[in-house]
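Here is the structure we will look at.
The values are calculated or read from the model by the stated rules, or taken from the named source; none is laboratory data. On a predicted model such as this, the values are computed, not experimentally measured, just so you know. Every residue, glycine as well, gets a Cβ built from its backbone with ideal geometry; the counts of neighbours run over all protein chains shown. SASA here: full protein model, heavy atoms, side chains in, ligands and nucleic acids out. Shrake-Rupley method; radii C 1.70, N 1.55, O 1.52, S 1.80 Å.
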Amino acid sequence: IIQLWQTHIIWRIDMSDYIIRGMAANNQVRFFACNSTDTVEKARITHNTSPVVTNALGRLLTGGVLMGAMCKNDTDTLTIRVQCQGPIQGMLITADSKGNVKGYVSEAQVMLPAKDVAKAIDLGVMSVIKDIGLKEPYVGQTHLVSSEIAMDLTYYFVTSEQIPSSVALGVLQNADTTVSVAGGFVVQLMPFAEEQLISDLEKRLEQFSFTELLEKGYSVEQIIEQLFDGYDTVITDTLPCNYCCDCSKDRVEKAVISMGRKEIADMIEENQPVEVVCDFCHTKYTFSPEELLKLLQQGVAK
């Protein structure tokens with residue numbers, strides 16, 4: 001089951017971002033769906049992305065926040081990294097189980113038409129890293145099969161997690177390049193799903209456009225009910241989602257410490273403040289030579 005969307009130009013409808021989780025068709029299917037409009041718009045503003053990059057990063061953020069919602073524990077986190085040969089060069093997003101997501105792109109100003117996400121990404125590899133409290137994080141890696149993000153995540157679920165899935169992700173933009181609507185869903189079949197249901201869903205998904213329905217004013221719940229029209233749907237949970245960076249000077253300090261004593265000593269010797277910029281939100285953190293010296297004196301940096 002595969003669903004991909006194209007980008008269109010439409011006018012903005014203001015909605016609060018949220019995710020729904022639930023079951024359908026007598027528990028033969030589970031679904032995760034969200035409106036991520038403001039989340040993607042905040043990322044666009046933060047990174048000053050061109051339209052095609054807004055589209056690409058927005059799809060990955062939406063897919064990531066949906067996959068984060070699949071995590072079972074409050075402390076679980078998920079990272080998706082795309083390494084590619086296209087002019088976008090690469091993207092990375094991190095999401096948690098509470099609907100928070102953040103991300104960045106290597107090249108924010110790729111000048112291609114907004115719909116040409118596959119050209120901007122081109123050939124590459126997608127890695128999914130799950131930190132679920134084990135000694136080592138789980139890492140799954142697949143080659144990009146379409147470079148459109150949605151199909152690539154669909155392929156990841158099938159090959160790395162052996163779960164038949166349909167992933168749909170969309171970002172629609174206004175004439176001024178702001179985000180009009182963004183959202184998507186992940187639909188996954190249970191092992192006991194009947195062949196008739198599978199065939200029916202495949203036909204429905206061929207013509208189904210989540211973001212076009214969002215643009216028309218449908219809620220996420222109404223869109224899911226329309227997708228599963230004729231089947232029972234049970235929404236088990238609703239949670240907000242948003243673009244949120246949890247960086248702080250303490251966290252950045254740990255990154256500085258990881259550089260090692262020699263590197264820090266060299267920076268102190270230059271007698272100039274050191275500025276560290278967060279990739280996710282562009283917040284700047286400055287460490288004076290005195291602060292760096294204190295790290296050494298405390299014996300923290302080894």
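Scan the range 171-178 and tell me whether some residue there is over 20 Å from the mean Cα position of the chain (by Cα), surrounded by 13 or more Cβ atoms within 10 Å (Cβ to Cβ) and without any contact (Cβ under 8 Å) to a residue 24 or more places away in the chain. Among the residues of the range 171-178, not one is over 20 Å from the mean Cα position of the chain (by Cα), surrounded by 13 or more Cβ atoms within 10 Å (Cβ to Cβ) and without any contact (Cβ under 8 Å) to a residue 24 or more places away in the chain, which makes the answer no. Only one of the numbered conditions (1) over 17 Å from residue 54 (Cα atoms); (2) in a strand (DSSP E or B) is not met by residue 146, and that is (2).
Matching residues to (1) closer than 12 Å to residue 243 by Cβ; (2) of a type in the set (D, E, K, R):
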| site | (1), (2) |
| --- | --- |
| 42 | yes, yes |
| 49 | no, no |
| 65 | yes, no |
| 70 | no, no |
| 81 | no, yes |
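Of all residues in the range 238-266, those that are open to solvent by 50 Å² or more (accessible area, probe 1.4 Å) and touching a residue at least 60 places away in the same chain (Cβ under 8 Å) total 5.
Of everything in the range 16-48 that is among the β-branched types (Val, Ile, Thr) and open to solvent by less than 40 Å² (accessible area, probe 1.4 Å), the residue that is farthest from residue 232 (Cα to Cα) is 46. Within the range 72-86, the set of residues being buried (at least 22 other Cβ atoms within 10 Å of the Cβ) and either of a type in the set (A, V, I, L, M) or assigned to a strand (DSSP E or B) (or both) comprises 78, 80, 82. Looking only at the range 125-144, which residues are over 23 Å from residue 31 (Cα atoms) and over 17 Å from the mean Cα position of the chain (by Cα)? Hits for the range 125-144 are 133, 134, 135, 136, 137, 143. Suppose we keep only residues that are under 17 Å from the mean Cα position of the chain (by Cα) and hydroxyl-bearing (Ser, Thr, Tyr) within the range 147-164. Which one would you say is most open to solvent (accessible area, probe 1.4 Å)? Checked the range 147-164; the qualifying residue most open to solvent (accessible area, probe 1.4 Å) is 155. The conditions of being surrounded by fewer than 22 Cβ atoms within 10 Å (Cβ to Cβ) and either farther than 20 Å from residue 138 by Cβ or modelled with pLDDT of 95 or more (or both) are not met by residue 58. Cβ-Cβ distances below 9 Å connect the following pairs, each with a first residue in the range 192-207 that is without any contact (Cβ under 8 Å) to a residue 60 or more places away in the chain and among the acidic types (Asp, Glu), a second residue that is loosely packed, with under 14 Cβ neighbours inside 10 Å and not in a helix (DSSP H, G or I), and a separation of six or more residues or different chains: 200/230. One residue alone among 181, 167 is surrounded by 24 or more Cβ atoms within 10 Å (Cβ to Cβ) and under 15 Å from the mean Cα position of the chain (by Cα), and that residue is 167.
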